[in-house]
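Notes for the one structure printed next.
The values are calculated or read from the model by the stated rules, or taken from the named source; none is laboratory data. These numbers were taken from a predicted model, which means no experiment stands behind them. All Cβ positions, glycine included, derive from the backbone under ideal geometry; neighbour counts span all protein chains shown. The protein model used for the area step is the full one, side chains on, heavy atoms only, and it has no ligands, DNA or RNA in it. Shrake-Rupley method; radii C 1.70, N 1.55, O 1.52, S 1.80 Å.
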Amino acid sequence: MTLIVFVIIYFYSRRMKNPLMRKLTWLVGLIPDENSEYLHIFGAERVAPEEGDSFDIFHHRLFHLKNFTIVQGDTQKGTDLELDSPFVERSVKRLRSELGVILSPLTDYKYAEQDEEPEPNYPSGPVIQERDTNESDTVKSELPPRLGVVFFMDKEKEYFRLEVYRDGSKISEHGMKGIADYFRFNYFDTNREILFFTYSKGSYSGMAIAAVDMKSGVLLCDKFILPEEKELSGR
């Protein structure tokens, strides 16, 4: 038991010493790139000192759509984050140089569901519905989507059930710990038919990203939005 406590304290202290390894408290956006292999994740770590007012440190992290790895970009203390700010431009420029890849975030991206009019150049994605797990049959249930997901949420327990639908039939369901509608951003990879979404793992836990295959219903990825430790080892 003592060894387990020591290990927890050790890894927690390592994370606190390295600000690049800290979990994000809330998100600004999940932005695709012209380079179809990446998503840009912009979020903030809320710092609450024992004395003085709380403040935010903004992070730029780059998510690889195929191997689900995360690379750390720049960080900067601030009161707000605009996607056309010098901070974003500086961070993207550095990642271009370090990774040797072409990067250009589509900062005007808006997720459009199947039944919405999509923006030019942005194909629509699956329908996303939200329901309360405590909802009674005093109201008529909404019909499930032909292609989409339904989040059944229990906010008090910080738990939700994710149901995946294709051709109007449920093909899978997944129980997940967290708050499904807390700073949830969505992105649909049309080529591979994979839906990516962000959510909170729960109070004081941090933001996460998940990926579900809309062809099979398999949950492909579910992880905290943290950079890989090996990627940070050289910094």
- Taking H as built 1.01 Å from N, whose amide H comes closer than 5 Å to the amide H of Thr69, not counting residues under 5 places away? His64
- One finds, for Arg96 and Thr138 with R0 = 45 angstrom and r their Cβ-Cβ distance, a FRET efficiency to the nearest 0.05 of 0.25
- How high is the FRET efficiency from Phe224 to Asn35, r the C-beta distance, R0 35 Å, rounded to 0.05? 0.90
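Let me make sure I get this right: for the stretch 137-180, a, b and c are the square roots of the gyration tensor eigenvalues over alpha carbons, sorted descending. Under 1.5 in a/c it's rounded, otherwise prolate if a/b > b/c, else oblate. Which is it?
It is oblate, given that a/c is not under 1.5 and a/b is not larger than b/c.
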- Just by accessible area at a 1.4 angstrom probe, what is the order of Ser97, Ser85 from largest to smallest? Ser97, Ser85
- Query: Given the protein chains as shown and a 1.4 Å probe, how many square angstrom of His60 are accessible, to the nearest 10?
  - Reply: 0 Å²
- Item | At most 14 other Cβ within 10 Å, DSSP loop - GluC sites (Glu not before Pro), the stretch 83-172 | Glu116, Glu135, Glu142, Glu156
- Query: Using a 1.4 Å probe, how large is the accessible area of Ser141, given in Å² and rounded to the nearest 10?
  - Reply: 80 Å²
- Task: List, in order, the whole-Hz ³J(HN,Hα) value for each residue of the stretch 161-173 obtained from phi through the Karplus relation with A = 6.51, B = -1.76, C = 1.60 and θ = phi - 60°; use x for Gly and Pro.
- Result: 10, 9, 10, 10, 10, 9, 6, x, 10, 6, 10, 6, 8
- Query: Can you list the trypsin sites (Lys or Arg not before Pro) in the stretch 125-168 that are in a DSSP coil and have 15 or fewer other beta carbons within 10 angstrom?
  - Reply: Lys140, Arg146, Lys155, Lys157
- Note on the structure: Expressed in square angstrom to the nearest 10, the accessible area of Thr190 with a 1.4 Å probe stands at 60 Å²
